[in-house]
1. Using a 7 Å offset from Cα along Cα-Cβ at B:His139, what residues in the stretch B:104-118 end up with backbone N under 20 Å from the label point?
2. Kindly write out, for the stretch A:101-110 in residue order, the coupling ³J(HN,Hα) from the Karplus curve 6.51 cos²θ - 1.76 cosθ + 1.60 (θ = phi - 60°), rounded to whole Hz, with x marking Gly and Pro.
3. Any idea how far apart A:Gln98 and B:Gln167 come out in nm if each label point goes 7 Å out from Cα toward Cβ?
4. For peptide A:61-73, compute the average count of partner chain beta-carbon atoms within 10 Å of each residue's beta-carbon.
5. Order these peptides, B:129-141, A:63-75, by their mean beta-carbon neighbour count within 10 angstrom, highest first.
6. With a 1.4 Å probe and every protein chain left in place, work out the accessible area per residue of the stretch B:29-176 in Å², rounded to a whole number.
7. In a Debye calculation with equal point scatterers on the alpha-carbon sites of the protein assembly as shown and no solvent, what is log10 I(q)/I(0) at q = 0.07, 0.14, 0.15 Å⁻¹?
8. Cut-off under 15 Å on the C-alpha distance; same-chain residues fewer than 8 positions from A:Lys67 excluded. Which aspartates and glutamates are left, in chain and number order?
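The values are calculated or read from the model by the stated rules, or taken from the named source; none is laboratory data. Given the structure is predicted, the values throughout are model-derived calculations rather than measurements. Every residue, glycine among them, receives a Cβ derived from its backbone with ideal geometry; neighbour counts consider all protein chains shown. Accessible surface is based on the protein model in full, side chains and every heavy atom, while ligands, DNA and RNA are left aside. Shrake-Rupley method; radii C 1.70, N 1.55, O 1.52, S 1.80 Å.
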There are 2 protein chains.
Amino acid sequence: MVPDSSEPVRDNPPEQALNRLITPVAGITVATAESCSGGAVAARIVSISGSSDYFLGGIVAYANDAKRRLLGVSEEILASRGAVSAECARAMVEGARQAFGADVVVSTTGIAGPGGATARKPVGVVYLALATPAGIEAHEHRFAGDRAAIIAAATEAALHLLLRGVQETLNRDTSLA
Amino acid sequence: MVPDSSEPVRDNPPEQALNRLITPVAGITVATAESCSGGAVAARIVSISGSSDYFLGGIVAYANDAKRRLLGVSEEILASRGAVSAECARAMVEGARQAFGADVVVSTTGIAGPGGATARKPVGVVYLALATPAGIEAHEHRFAGDRAAIIAAATEAALHLLLRGVQETLNRDTSLA
């Protein structure tokens with residue numbers, strides 16, 4: 001697949017770590033809300049046998065109207081901050097959390113290029129957000145390379161963010177128990 | 001990405017053909033509804049620059065509850081036919097067509113293995129459905145190989161089905177004009 005052709009072979013990809021981490025513990029569920037990564041984060045999770053135990057699904061909201069309709073991103077955010085913004089990434093995880101009823105959700109929105117850049121948002125700018133029961137956080141990234149490299153980097157970073165969210169949620173549950 | 005690691009390099013992948021076909025013609029829109037392919041069909045479409053002109057998005061409905069909630073697959077279909085059935089694949093494209101308001105939609109549901117097989121539904125059985133303005137069709141496939149090979153084959157077949165649906169829709173529009 002194009003998004004991962006530039007990715008190095010890894011001994012321990014985050015989706016395998018996720019699978020090892022969640023499988024023994026019942027009850028934690030995961031979902032995704034993707035724009036620029038286009039479903040590649042979900043596909044990486046599903047590539048691992050056993051992911052059906054915790055992966056509920058994902059929404060690929062590529063068009064702005066899909067972000068509104070399926071993820072409940074407000075017109076105000078899209079108009080004032082834009083679809084490529086930390087605020088939109090936050091709204092996307094919140095929308096997917098509600099749509100799927102999942103515990104931990106990751107989102108991606110960015111400019112994979114070669115088109116779509118603006119003065120303030122160059123090609124390679126990607127916002128990721130993470131929702132866990134503890135709250136929502138967002139991060140800005142600037143990835144280099146062509147479209148495939150940027151999508152691959154965004155996908156990899158989203159999987160690592162999701163993995164951290166699951167780890168923290170499991171640790172939190174353990175400390176509360 | 002794992003789902004495509006076993007795929008041969010192609011000179012003319014279906015997502016590129018799709019891009020060449022749609023771009024010059026305004027107005028046709030595409031969406032996906034994926035279960036066993038896990039977002040890989042959407043990711044292949046998004047890998048092509050220019051796909052934002054026609055690709056609205058996709059729903060990865062991996063859990064049965066997501067098929068119900070996000071795609072409107074009925075409890076009756078899930079209980080009587082199962083999530084891996086032609087009827088479910090049909091309901092998935094219909095649900096995604098409504099959710100996105102798209103002209104042409106493709107869906108995937110199947111058993112990628114190694115678990116999940118039943119006597120009547122072995123590992124490798126995959127149902128694909130296509131929705132166009134002309135109607136909905138479903139197809140049963142039996143793919144060989146391991147999980148990655150089955151997902152890759154389902155993804156490739158879904159992209160070819162989507163491409164045909166777009167071709168037929170464009171031809172139909174031309175003949176009606």
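1. Within reach of a label on B:His139: B:104-112.
2. Computed from phi, the couplings for the stretch A:101-110 are x, 8, 7, 10, 9, 10, 10, 9, 8, x Hz.
3. Simple spin-label model gives 4.2 nm for this pair.
4. Counting Cβ atoms of other protein chains within 10 Å of each residue's Cβ and averaging gives 5.
5. Per-residue Cβ counts within 10 Å, averaged per peptide and sorted highest first, yield A:63-75, B:129-141.
6. That works out to 35 Å² for each residue.
7. Reported log10 I(q)/I(0), two decimals: -0.25, -1.09, -1.27.
8. Reachable aspartates and glutamates: A:Glu34, A:Glu75, A:Glu76, A:Glu87, A:Glu94.
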